[in-house]
Amino acid sequence: MGMSLTYRILSGHLVAGNLKTGEEIAIKIDRTLTQDATGTMAYLQFEAIGVPKVKTELSVSYIDHNTLQTGFENADDHRFLQTVASKYGIYYSKGGNGICHQVNIERFGVPGKTLLGSDSHTPTAGGVGMIAIGAGGLDVAVAMGGGAFYMNVPKIVLVRLTGKLSDWVSAKDVILELLRRLTVKGGVGKIFEYGGEGVKTLSVPERGVITNMGAELGATTSVFPSDEKTMEFLKAEGRISDYTPLEADADASYDEIIDIDLSSLETLAAKPHMPDQVVKVSELKGVKVDQVAIGSCTNSSYADLMTVAAIMKGKKVHPDVSLVISPGSRQVFEMIAKNGALADLIASGARILESTCGPCIGMGQAPRSGAVSLRTFNRNFEGRSGTKDAKIYLVSVQTAAASALTGYITDPGTLGKSPEIKMPEKFDVDDSMVLPPSTNPEEIEVYRGPNIKPLPIKEKLPEAVVGKVLLKVGDNITTDHIMPAGSRILPLRSNIPAISKYVFESIDPLFSERALKEGGGLVLGGENYGQGSSREHAALAPMYLGVKAVIAKSFARIHFANLVNFGILPLIFENMADYDKIEQGDELYAPYILKELSECKRITFINKTKGNAEYKFKHNLTDRQIKIIKEGGLLNETKSVR
Ligand code: MIC
Ligand code: SF4
């Protein structure tokens, strides 16, 4: 049997373990990326590890999330990140240079390499043939320090593409189709590898749209082969030397195969409030639109914005619609400025924002109450836009632009022939906003503004644990629910005591107060607990509030790892009926937790409120993870934290 592309890359990076589905392996990480919202913690942790210089071949720190600067916090954090980068051998992509995943694919993506990023959409780089994985900041810090990355070998799914996309149908519709079929938990524990004849019809940025939103499937990562299209793209970026052809063996074996005929796809949209609520755009005809937002790491490439400009050219945004556009990178921004497309967008009435995440993470442009907002982004979780009752639909750039013109959700197919956008033979390359690290690192003093507070540390796991169920939630709880973002809260990412006040705010505003009053406790969850963002704050802040264990029906991968890293025990219901038997407020007692954790796969809990009813919850922690939990988290092994 031949090798899948994924196994080929992983086997070249294997440090420990065997490539067998479900087994824990350790892989060498060639490159890392961080962004500012997760980066401050990651670099505090990196400093704690005490290595004088990153051991990766390339590490880049991006400023793209926290750029509103409504107070001193963001700017202070940027200064911290710039000085840390300079001192420890890290490249620093300044605010305004673009969204990390877009800039990474343009300037740093290299086929066959491994990339670990403290952002869940790191797999975007799979569009250029990398194995790119999102993780918590602490895992990225460890990788920068030369440590391996641990994961259980996922199942490998071949997505076999045939045919060619029809007029007006886009790469966004391909990934929406997968979300429709598989749901937001359909990719958990899997890597999606794309193959088949249809691959050749997709450009690298189009592939990036698909790999980007593999994160919404819950997948570990997604990857495309490296072929002629990859070569063309790298050549146009002036990086032909980074090209290597890469593909799976013809007789490679897969755990699952999914067929998609590109020619049969239609334009799709994800309805509020989950990326898997997918319907045909034609079914939404007549829904009135208040806002259209174009951009994000999913859909802000040169071709995307040229498409929008071509649709808007000579026309005006509907009077009742606010159209906002954020170009994905300075490269895209500059190129559309030079070729006149930006002027067409401005003339149409579009509001142009800087090249950052912006509205995608609730940094401005919150829609009006009850608004319908069409976004080319990747997540439409309730409240993420900054307006709790806004209805967010995820769409392609084509659907977004068509709807901005008509004021109603509009199938772009009704506009006639689609514009033909040519990929440039040469992109405008200017890396002057990526600052190289200092050649005299000992002279660099790391700047720490008052927003940067020391990392909290947890005590070791005691012999027994007792605590109340502080909150019981349902399925598909996102890390946006656990630790919301947005312009009010994101600036507090470097200050755990301050940010912890907002834990579970949208579900239960009294959560943090109650947790502190009760001296901590437990959280009960449903399926796919902790899906979405990689933010380790969704573990770190609950840890600060004294959360000792989360008992859920199943967990999302990154959040599971983050809970372990911060010493919170992730436990799984063995008997699903127990979920219904336990109520919020019940007091649970685990008398032998320390012993049972090492000796068996089940932990006994007694419900003191319900006549000492006994439950067994399982764990699927590896020995390495058990050790971390017992220590009270990975940080306890790196004691010298400020
Ligand atoms: C997101 O899209 O939710 C974010 C903001 O990019 C996060 C990272 C973060 O919370 O800082 C992600 O996807 O990992
Ligand atoms: Fe930024 Fe949105 Fe992409 Fe997250 S999903 S990295 S917030 S653009």
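We did not get these values from a lab; they are worked out from the coordinates using the rules stated. Values in this document were obtained by computation on a predicted structure and should not be read as measured data. Cβ placement follows ideal geometry from the backbone for every residue including glycine, while neighbour counts extend to all protein chains displayed.
Annotations
- FRET efficiency, residue 460 to residue 610 (Cβ-Cβ, R0 30 Å, nearest 0.05): 0.55
- The rule of thumb for compact globular proteins, 2.2 N^0.38 Å, goes into the C-alpha radius of gyration of the range 355-423 1.22 times.
- Net charge dipole size for the chain [Lys, Arg +1 and Asp, Glu -1 on Cβ; Debye, nearest 20]: 940 debye
- Across the range 29-42, rounded Karplus estimates of 3J(HN,Hα) from the backbone phi angles (6.51 cos²θ - 1.76 cosθ + 1.60, θ = phi - 60°) give 9, 7, 9, 10, 9, 9, 10, 5, 6, 9, x, 4, 5, 4 Hz, Gly and Pro being marked x.
- For residue 62, residues with placed amide H under 5 Å, excluding near neighbours: 34, 35, 36, 93
- nm² value of the averaged projected area, convex hull over the Cα atoms of the chain: 26.2 nm²
- A Cα-only calculation for the range 288-369 places Rg and Dmax at 12.0, 37 Å.
- Each distinct pair of alpha carbons in the range 294-450 adds a 1/r term; the inverse of their mean, the Kirkwood radius, is 17.0 Å.
- Listed residues 566, 230, 404: farthest to the positive end of the dipole of the chain (Cβ charges): 566
- For the range 169-307, size of Cβ-based charge dipole, Lys and Arg +1, Asp and Glu -1, in debye: 680 debye
- Normalised by the number of residues in the range 89-166, the mean separation of alpha-carbon contacts (under 8 Å, six or more apart) gives a relative contact order of 20 percent.
- Amide H within-cut-off set for residue 132, under 5 Å, with H built and near neighbours excluded: 115, 126, 222
- In sequence order, calculated HN-Hα J values of the range 392-404 (Karplus, 6.51, -1.76, 1.60; Hz; x Gly/Pro): 9, 10, 9, 9, 7, 5, 5, 5, 4, 5, 4, 6, 5
- Normalised by 2.2 N^0.38 Å, with N the number of residues, the alpha-carbon radius of gyration of the range 413-546 equals 1.57.
- Taking 21 Å as the limit for the C-alpha separation, the pairs 472/581; 472/601; 553/581; 229/338; 453/627 exceed it in the case of 472/601; 229/338; 453/627.
- From most to least packed by mean Cβ count within 10 Å, the peptides 18-31, 530-543 give 530-543, 18-31.
- Which of 300, 248, 265, positive extreme of dipole for the range 174-331 (C-beta unit charges): 300
- Gained length - residue 16 relative to residue 201, 0.36 nm times residue gap less alpha-carbon distance: 62.9 nm
- Furthest towards positive pole of dipole, 50, 6, 82, structure part the range 1-145, Cβ charges: 6
- Check: the range 297-395 dipole with +1 on Lys, Arg Cβ and -1 on Asp, Glu Cβ, in debye: 100 debye
- Exceeding the 26 Å Cα-Cα cut-off - candidates 468/630; 548/595; 190/630; 113/200: 190/630
- Once the C-beta distance of residue 55 and residue 429 is scaled by a Förster radius of 25 Å, the resulting FRET efficiency is 0.35 to the nearest 0.05.
- Sorted largest first, the principal axis extents computed over the alpha-carbon atoms of the range 238-386 equal 56, 38, 29 Å.
- Summary of packing: across the peptides 117-125, 269-277, the per-residue average of other C-beta atoms within 10 Å ranks them, highest first, as 117-125, 269-277.
- Mean separation of Cα contacts under 8 Å (6+ apart) over length of the range 493-606, as relative contact order %: 20 percent
- Crossing angle, helix 171-182 versus the chain [Cα axis fit, 0-90 degrees, rounded to tens]: 40 degrees
- Rounded to the nearest whole Hz, the Karplus-based 3J(HN,Hα) values (6.51 cos²θ - 1.76 cosθ + 1.60, θ = phi - 60°) of the range 497-511 follow the sequence x, 6, 6, 5, 5, 9, 4, 6, 3, 6, 8, 7, x, 8, 3, with x at glycine and proline.
- Residues whose placed amide H lies under 5 Å from that of residue 326, excluding near-sequence neighbours: 294, 295, 296, 353
- Relative contact order of the chain, defined on C-alpha pairs under 8 angstrom at six or more residues apart (%): 15 percent
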